[in-house]
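Before any comments, here is the structure.
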Amino acid sequence: MTASSDNLPAPKGEEMTAEQVERFLRDHPRFLAERPGLADSMSPPQRHLGDNVVDLQAFMIDRLRADRREDQDVQDRFVERTRRERSLQDRIHAAALAMIGDVDLDHLVEIVTSDLAILLGVDLVALAVETASRDGVTHVTCGVRCLPRGTVADLMEDEREVVLRAPARADERIFGSGAMLVESEAMVRFGGDERLPQAILALGSRLEDRFRPGDPVELYRFLGGVLDRCLRKKLGLPA
């Protein structure tokens with residue numbers, strides 16, 4: 001007979017007795033087998049083996065339960081990470097397609113500094129390029145932040161192409177007055193030759209865990225590469 005919750009006698013005005021529970025389990029021997037999660041919450045009987053003698057069977061059951069909970073936690077984290085990375089992949093592909101579909105240079109800058117924030121689900125996006133200026137002052141021209149030479153190397157770490165920070169450095173040279181809102185950030189370096197100077201695509205979020213050190217960076221590197229190619233094409237530079 002298949003056990004069903006409908007077969008469990010409902011108490012009438014008082015709690016079920018141990019005898020009623022025992023009788024139900026004897027009448028439905030597969031009840032616990034069909035509900036392994038319920039068995040995990042029950043305490044196994046301890047055998048009396050004498051003083052200073054460990055009940056190995058009970059110990060092994062507890063150990064197996066702990067291992068099962070740990071395995072479930074690992075599985076849950078893996079599923080959550082997979083979902084997070086899939087969502088990021090979809091967003092970055094949408095952003096890349098938007099940049100590829102630009103009309104001219106001004107349109108590309110507008111897409112990067114306005115549309116990408118929505119497409120990527122972040123709060124701030126900044127496009128910053130180093131210029132020949134040596135006065136140490138950051139200028140904003142047509143939506144692009146013009147940085148003094150050496151700023152990109154200062155903002156990036158260990159010459160990496162992508163840096164994820166939480167908590168964010170939230171440099172005002174990149175985010176301007178919006179820097180105070182940024183709790184986590186992604187910095188993507190591109191350019192860096194005689195044709196296209198060092199540049200940064202910066203993404204900022206109010207969320208502390210939006211960009212986390214140790215997360216995969218390949219998708220952000222891909223996005224920076226697409227932006228690099230789009231800018232070179234609009235400026236008439238070889239890729």
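The values are calculated or read from the model by the stated rules, or taken from the named source; none is laboratory data. None of these values were measured; they are calculated from a predicted model. Here Cβ is always computed from backbone atoms with ideal geometry, including for glycine, and neighbour counts include all displayed protein chains.
The residues listed here are ALA66, ALA98; of these, the one that is in contact (Cβ under 8 Å) with a residue 12 or more places away in the chain and either at negative phi or over 18 Å from the mean Cα position of the chain (by Cα) (or both) is ALA98.
Sort out which residues of region 21-39 are surrounded by 12 or more Cβ atoms within 10 Å (Cβ to Cβ), basic (Lys, Arg) and either at pLDDT 80 or above or in a helix (DSSP H, G or I) (or both), and write them in order of number. Listed by number, the list holds a single entry, ARG23.
Of everything in region 191-216 that is touching a helix residue (DSSP H, G or I) at 6+ places or on another chain (Cβ under 8 Å) and outside any loop (DSSP other than H, G, I, E, B), the residue that is farthest from PRO238 (Cα to Cα) is GLY204.
Filtered by the rule that a residue be at pLDDT 65 or above and surrounded by fewer than 10 Cβ atoms within 10 Å (Cβ to Cβ), region 11-20 gives GLU14, GLU15, ALA18, GLU19.
With a cut-off of at least 2 residues that are of a type in the set (A, V, I, L, M) and either more than 15 Å from GLY204 (Cα to Cα) or modelled with pLDDT under 90 (or both), name the strands (runs of 3 or more DSSP E) lying wholly within region 102-173.
Output list reads 144-147.
Given the criteria closer than 23 Å to CYS230 by Cα, surrounded by fewer than 20 Cβ atoms within 10 Å (Cβ to Cβ) and not acidic (Asp, Glu), does ARG149 qualify? Against the criterion (closer than 23 Å to CYS230 by Cα, surrounded by fewer than 20 Cβ atoms within 10 Å (Cβ to Cβ) and not acidic (Asp, Glu)), ARG149 qualifies.
Determine if region 176-187 includes at least one residue that is loosely packed, with under 14 Cβ neighbours inside 10 Å, free of Cβ contacts under 8 Å to residues at least 60 places away in the same chain and part of a loop (DSSP other than H, G, I, E, B). Checking region 176-187: not a single residue is loosely packed, with under 14 Cβ neighbours inside 10 Å, free of Cβ contacts under 8 Å to residues at least 60 places away in the same chain and part of a loop (DSSP other than H, G, I, E, B).
Let me spell it out: the conditions are (1) modelled with pLDDT of 75 or more; (2) not in a loop (DSSP other than H, G, I, E, B), and MET60 meets all of them except one. Which number is the exception? Going through (1) modelled with pLDDT of 75 or more; (2) not in a loop (DSSP other than H, G, I, E, B) one by one, MET60 breaks only (1). Restricting VAL74, VAL79, VAL144, VAL103 to residues that are among the β-branched types (Val, Ile, Thr) and surrounded by 15 or more Cβ atoms within 10 Å (Cβ to Cβ) narrows the list to VAL144.
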